[in-house]
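Remarks on the structure that follows.
The values are calculated or read from the model by the stated rules, or taken from the named source; none is laboratory data. Given the structure is predicted, the values throughout are model-derived calculations rather than measurements. Cβ atoms come from the backbone with ideal geometry, glycine included; neighbour counts cover every protein chain shown. Please note that ligands, DNA and RNA were not included when accessible areas were found on the heavy atoms of the full protein model with its side chains. Shrake-Rupley method; radii C 1.70, N 1.55, O 1.52, S 1.80 Å.
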Amino acid sequence: MLDPMDLYIRQVRLKDKPQDLEDYVASLPLIQHLDALRLERPVTFLIGENGSGKSTLLEAIALAAGFNAEGGGRNFRFSTQNTHSQLYRNLTLIRGAKRPRDGYFLRAESFYNLAGEIDRMGDLIESYGGRSLLRQSHGESFLSLMLNRFGGQGLYLLDEPEAALSPSRQLSALAAFHWLEERQSQLIIATHSPILMAYPGAHIFQLDKGGLSPVEYRQTECYQLTRRFLENPEKMLRYLLSDSGAGEDDPR
């Protein structure tokens, strides 16, 4: 396990006057309030509602660390759509004393493009388990990537890995996180999953209208809402499907 001083990224700092940011990024509370994100544990989760900026921040960290915008290892340089934010140009990464031997940026929304690029390159298939990721189910390919390609002593940035994983496969992902942590790895993960964010010893940062702040697992909205629903789904469904439960997001 990495010592806090040896983490590959110890701090993420936002420059005083961000320049050339897209309107939607510049308006994020994250940008208004972020000074420095201090990373003190091998596994860090970024959580928050849709549109809070967690994936935007993770993408910016990945680009600032030298990864490709659509994912992959450091040697990937393909691009199918140039849609990434310029936030990375305004970040400063404070690195630890050690340098990672491995690294990967996994993002759910562009994984198909990544899998296609791996097939095109051909000689990489063996390091991904010997079978094309495109010839596996979405969930199988995600897990195959983590179990075969991630070798340890690395920096791994994962954007919503639960998107393709069943609950049982998310448990398998937790075991993979543990294997990687034991082998001198650092993971930064953006997620909505109350299963993944239960990883023991992880640091959880919540993005909301107040900016970015640490939060305990059982205090997260993901945990509390999921627990309330599972404890009494009938009650919550009666409320949600009744007129009293319809609000601004009412689809009718």
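A few points about this structure:
- Taking region 185-206 and a reference point 7 angstrom along Cα→Cβ of Lys235, no backbone N atom is nearer than 16 Å.
- Unsatisfied cross-links (Cα-Cα over 23 Å) in the set Lys15/Lys54; Lys54/Lys98; Lys54/Lys235: Lys54/Lys98; Lys54/Lys235
- Of all DSSP bridge pairs formed entirely within the chain, close to 40 percent run antiparallel.
- Most to least accessible of Met236, Met197 (protein chains only, probe 1.4 Å): Met236, Met197
- The fraction of accessible area contributed by carbon and sulfur in region 110-249 is 51 percent, rounded to a whole number (1.4 Å probe; ligands and nucleic acids excluded).
- Computed with a 1.4 Å probe over protein heavy atoms only, the accessible surface of the chain comes to 52 Å² per residue.
- Exposed-site-free run, longest, the chain (rule: GluC sites (Glu not before Pro); DSSP loop; at most 15 other C-beta within 10 Å): 50-215
- Candidate residues Asp3, Asp23: accessible-area rank, largest first, probe 1.4 Å: Asp23, Asp3
- Axial C-alpha extent at least 24 Å, average Kyte-Doolittle at least 0.0 - helices from the chain (DSSP): none
- Taking max minus min of the alpha-carbon positions on each principal axis, the chain gives extents of 57, 45, 37 Å, largest first.
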